[in-house]
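In what follows, a structure is listed as structure tokens, so that the remarks can point back to it.
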Amino acid sequence: MTFELQDIDPEVDFPALARCLFESYEDPPQKFFHVFFPIHGTGAEAREEAIIEAAERLKLWRINDPTSYWQKAVDTATERIAGGALWNIYEENPFANPQSPEVTWFPPGGSRTFVEKVLENHARPRSKAAQKPHIYLFIIFTHPNYQRRGVGQQFIDWGIKKSNEVGVDIYLDSTPYGRPLYEVNSFEYVEENVNIPVTENPDEAWKEIEEKVGPFTFWLMRRPVNGGHRGDLAQRHEPV
Ligand SMILES: CC(C)(COP(=O)(O)OP(=O)(O)OC[C@H]1O[C@@H](n2cnc3c(N)ncnc32)[C@H](O)[C@@H]1OP(=O)(O)O)[C@@H](O)C(=O)NCCC(=O)NCCS
């Protein structure tokens with residue numbers, strides 16, 4: 001099997017990318033995914049609606065954010081999308097004028113407040129460590145049918161090349177499943193981030209989403225510009 005990295009066409013690709021994204025995070029299921037891409041309700045129809053909403057929102061984010069850069073990996077034999085990656089290429093410190101994203105994908109109330117707090121917590125380690133131009137790997141996924149065939153590595157190779165060309169470090173927040181890929185590519189651990197939103201007066205909607213998502217952990221990782229190559233021993237650091 002061979003895969004080709006291609007720029008996406010924002011007018012065409014988001015429905016297929018969103019579906020591939022869902023299938024990648026559903027197998028095995030990652031509870032935090034609901035925070036970013038919820039299925040409101042149950043059953044196949046609710047899931048289809050969620051994928052449509054996700055595709056529309058990803059397109060909006062792409063159009064409204066000039067730092068964002070999407071790629072897809074295409075199976076050259078079938079032309080199917082095997083995976084995707086969303087990078088932010090920050091030529092300036094993105095935390096100079098911090099702006100919280102508007103959480104439109106949950107209704108006003110406890111669930112929306114919960115998600116706003118999750119996003120704040122999620123960004124906190126990087127907002128301390130990366131007050132400078134850098135490249136951020138926001139989303140990366142390989143469809144379960146195509147995993148362990150080098151697709152993720154192709155995305156990372158692209159990011160490393162870009163980082164060395166531009167002269168800035170790469171940062172990312174890793175899921176447990178992403179860590180092996182980043183470790184073999186000489187990413188360093190910066191901080192463990194256990195995300196537990198808190199509020200004094202949780203309403204029913206807050207309690208419901210808290211129950212569904214639970215506390216979850218990401219790891220902020222950094223690959224210094226001109227860092228080691230794949231196969232070098234990953235430098236492991238204690239969380240700071
Ligand atoms: C993380 C993810 C993108 C990796 O994609 P992938 O296309 O399977 O990765 P690759 O095949 O390019 O792997 C490259 C190397 O990374 C390491 N690696 C990747 N996945 C691994 C795993 N599950 N276990 C051990 N090592 C792994 C291996 O060294 C691998 O090289 P090898 O197969 O020659 O041994 C994929 O597992 C995924 O989409 N997971 C679900 C979504 C997710 O959690 N994304 C990460 C967000 S931070």
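The values are calculated or read from the model by the stated rules, or taken from the named source; none is laboratory data. As the structure is a computational prediction, the values presented were derived from the model and not from experiment. Note that we place each Cβ from the backbone using ideal geometry, even for glycine, and neighbour counts take in every protein chain shown. Ligands, DNA and RNA are stripped out before the accessible areas are found, and what is left, the full protein with its side chains, is counted by its heavy atoms. Shrake-Rupley method; radii C 1.70, N 1.55, O 1.52, S 1.80 Å.
By a straight-distance test (C-alpha under 20 Å), which lysines pair with residue 212 as possible cross-link partners, with residues fewer than eight away in the same chain excluded?
31, 117
Please go through region 102-149 and write out the trypsin sites (Lys or Arg not before Pro) that DSSP classes as loop and that have at most 13 other C-beta atoms within 10 Å.
Within region 102-149, the qualifying trypsin sites (Lys or Arg not before Pro) (loop, at most 13 other Cβ atoms within 10 Å) are 148.
Among all the aspartates and glutamates, which ones have a C-alpha under 16 Å from residue 132's C-alpha, if same-chain residues fewer than 8 places away are not counted?
91, 92, 169
Below 19 Å, Cα to Cα, which lysines can residue 72 reach? Residues fewer than 8 away in the same chain don't count.
59, 161, 162
For the chain, report the accessible area per residue in Å² (1.4 Å probe, heavy atoms, rounded to an integer).
Using a 1.4 Å probe on heavy atoms only, each residue of the chain averages 53 Å².
Tabulate in residue order the Karplus-calculated ³J(HN,Hα) for region 74-83, using 6.51 cos²θ - 1.76 cosθ + 1.60 with θ = phi - 60°, rounded to whole Hz; enter x for Gly and Pro.
3J(HN,Hα) across region 74-83, in whole Hz: 10, 6, 5, 6, 10, 6, 7, 7, 9, x.
Which percent of the accessible heavy-atom area of the chain goes to carbon and sulfur, probe 1.4 angstrom?
Result for the chain: 50 percent of the exposed heavy-atom area is carbon or sulfur.
Using modelled amide H (1.01 Å from N, peptide plane; none on Pro or chain starts), what sits under 5 Å from the amide H of residue 168, excluding residues fewer than 5 places away?
The list, which skips near neighbours in sequence, is empty: none.
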